[in-house]
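In what follows, a single structure is set out as structure tokens and then discussed.
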Amino acid sequence: MKQSTSASPPASGFTRRKFLQGSGAAAAATVLATTGGEALADHHGDEVIAGETTITLHVNGQNRQAVVEPRTTLLEVLRYQFELTGAKPVSADGSSGASTVLIDGKPMMASTLLALSVRDKKIETVESVSQRNSGAVPAAFVEYDAQQCGFCTPGFVVAVRAFLDKNPNASEAEIRAGLNGNVCRCGTYANVLQAVIALVKGGPRG
Ligand code: FES
């Protein structure tokens, strides 16, 4: 059988190089149109933001300005622009619970939120949440020795406050289930549990 040895491009003019270039562009376009694009460019209606931009965030009762890129997380803004260092960068995927903050009253992980996506939200960090109810949650943690290195503690304090606000009469089982998104590598769970049980019963500081 005769084999072609010609190096000239096919009659269609569509070379392998062009095909690969086209495939790459199509793949990139697909990614931008689905998850990656959503993550890198925040859409507010018809608005598409690229590069640095100045935004206003409502944090702990104040409007504060931050300079962000589409990829900037809320945790990065809180820690490195607002110097609110309570929320901790333990896990980028939020699995540790160390970056827990309240967004419109709901506990969420600041490490997984893009700053652009929370422009219209009410953001509360541990620096504010811990003061509520006369500082009852931190006081209970101290009284029941519910921390060791303390790295997980800010996240726990926010999570506990949010949990108790919704479940003021929670049972032990409900407390265990309600706080299962926060990890303590020092293993203080038993003491945290006792602190929260004490809070449900009205102490310390009611
Ligand atoms: S006290 Fe160390 S991680 Fe919880």
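At-a-glance table
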{"read-out": "Packing-based exposure ordering (other Cβ within 10 Å, fewest first) of T188, T72, T125, T53", "value": "T53, T72, T188, T125"}
{"read-out": "Taking E174, E47 and counting other C-beta atoms within 10 Å, the order from fewest to most", "value": "E47, E174"}
{"read-out": "Which of E69, E172, E83 has the fewest Cβ neighbours within 10 Å, and the rest in rising order", "value": "E83, E172, E69"}
{"read-out": "Hull shadow area, averaged, region 130-200 [alpha-carbon convex hull, nm²]", "value": "4.0 nm²"}
{"read-out": "Vicinal HN-Hα couplings computed from phi for region 62-73 (Karplus, 6.51 cos²θ - 1.76 cosθ + 1.60; Hz; Gly/Pro x)", "value": "10, 8, 10, 9, 9, 9, 10, 9, x, 8, 5, 8"}
{"read-out": "Pairwise FRET efficiency - V183 versus E69, Cβ, R0 = 22 Å, nearest 0.05", "value": "0.15"}
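Coordinate-derived values only; no laboratory data. Nothing here was measured: the structure is a model prediction, and the numbers come from that model. Neighbour counts are summed over all protein chains in view; Cβ atoms, including those assigned to glycine, are modelled from backbone coordinates with ideal geometry.
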